[in-house]
Amino acid sequence: MPTPHIEAQKGEIADKILLPGDPLRAKFIAENFLENPVQFNQVRGMLGFTGTYKGHRVSVMGTGMGIPSISIYANELITEYGVKRLIRVGTAGSINEEVHIRDLVIGQAAATTSAIVRHDFPDFDFPQIADFDLLDKAYHIAKDLGITTHVGNILSSDLFYGGPDALKIGQLGVKAVEMEAAGLYYLGAKHHVQTLGIMTISDHLLTGEATTSEERQLTFTDMMKVGLETLIAE
Ligand code: HPA
């Protein structure tokens, strides 16, 4: 049955999915990395495709920006379509001197300004963590590809403009700021499925450096490989 936001029939979405924020990135991945991609969604322009990667059936779909948006799609993918492994691939801003633009950051855990957990558990803070098995796989895949990779805490902020003092949080060793991973990790815990966030650094909040669109494309391609290889790893 289609959901309010996904028009696919049951069975049209694989149980492993790559989740870029940008739906046109989903299209790019489908067209450049998947064999025989079939589009399963275009509701609200949130394009989704299913195809095969190295013989494994996988899907890719945009999530939009921010925890409310990714939570809608991840919820429906998990509870209505039976997706069991969800990997976010996106960009993040570095808030750490040791993390440079173009580097890869794998979010071991995600601090957040979002109330996503507090809606369910008002009395305590729940640490939103990645699935360790996926984290371990992704780290070794990235290392083997020769990509500079950092693993650690990230911040999933509700605000791109303004918001918490990310640089102060960076002093606690938090590596980068983005806007979705904590929501995905919480849903992983809630529904007992595997979730992971892999980000390339597109800009640096300490140095002001930013990647060009050409560089973003290149680093994005590296990240896709890590994401897809992790998605199909046994
Ligand atoms: N803030 C939040 N999300 C981001 C940023 C940022 O600076 N850069 C890339 N994604």
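The values are calculated or read from the model by the stated rules, or taken from the named source; none is laboratory data. All values derive from a computational prediction rather than experimental measurement. All Cβ positions, glycine included, derive from the backbone under ideal geometry; neighbour counts span all protein chains shown. In case anyone asks, the SASA skips ligands and DNA or RNA and just uses the protein heavy atoms, side chains included. Shrake-Rupley method; radii C 1.70, N 1.55, O 1.52, S 1.80 Å.
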- Query: Looking at (1) assigned to a strand (DSSP E or B); (2) open to solvent by less than 70 Å² (accessible area, probe 1.4 Å), which is the only condition Arg57 fails?
  - Reply: (2)
- What residue, of Asp222, Asp125, Asp165, Asp133, is open to solvent by 50 Å² or more (accessible area, probe 1.4 Å), at negative phi, of a type outside the set (Val, Ile, Thr) and touching a Ser or Thr at 6+ places or on another chain (Cβ under 8 Å)? Asp222
- How many residues does the stretch 69-95 hold that are open to solvent by 20 Å² or more (accessible area, probe 1.4 Å), within 25 Å of Ala142 (Cα to Cα) and not in a strand (DSSP E or B)? 1
- Would the stretch 75-84 turn up any residue that is modelled with pLDDT of 95 or more, out of contact with any Lys or Arg (no Cβ under 8 Å at 6 or more places or on another chain), aliphatic (A, V, I, L, M) and closer than 23 Å to Arg216 by Cα? no
- Message: Being within 16 Å of the ligand (Cβ to nearest atom), more than 23 Å from Thr219 (Cβ to Cβ), modelled with pLDDT of 95 or more and within 18 Å of the chain's Cα centre (by Cα) is true for just one of Ile67, Ile106. Which residue is that?
- Response: Ile67
- Message: For the stretch 109-142: of the residues being within 16 Å of the ligand (Cβ to nearest atom) and hydrophobic (A, V, I, L, M, F, W, C), which is farthest from Thr195 (Cα to Cα)?
- Response: Ala111
- strands (runs of 3 or more DSSP E) within the stretch 145-205 that include 1 or more residues more than 15 Å from the ligand (Cβ to nearest atom): 149-156, 194-204
- Message: For the stretch 171-185, check the following and say yes or no: at least one residue is of a type outside the set (Gly, Ala, Ser), surrounded by fewer than 15 Cβ atoms within 10 Å (Cβ to Cβ) and over 23 Å from Ala26 (Cα atoms).
- Response: yes
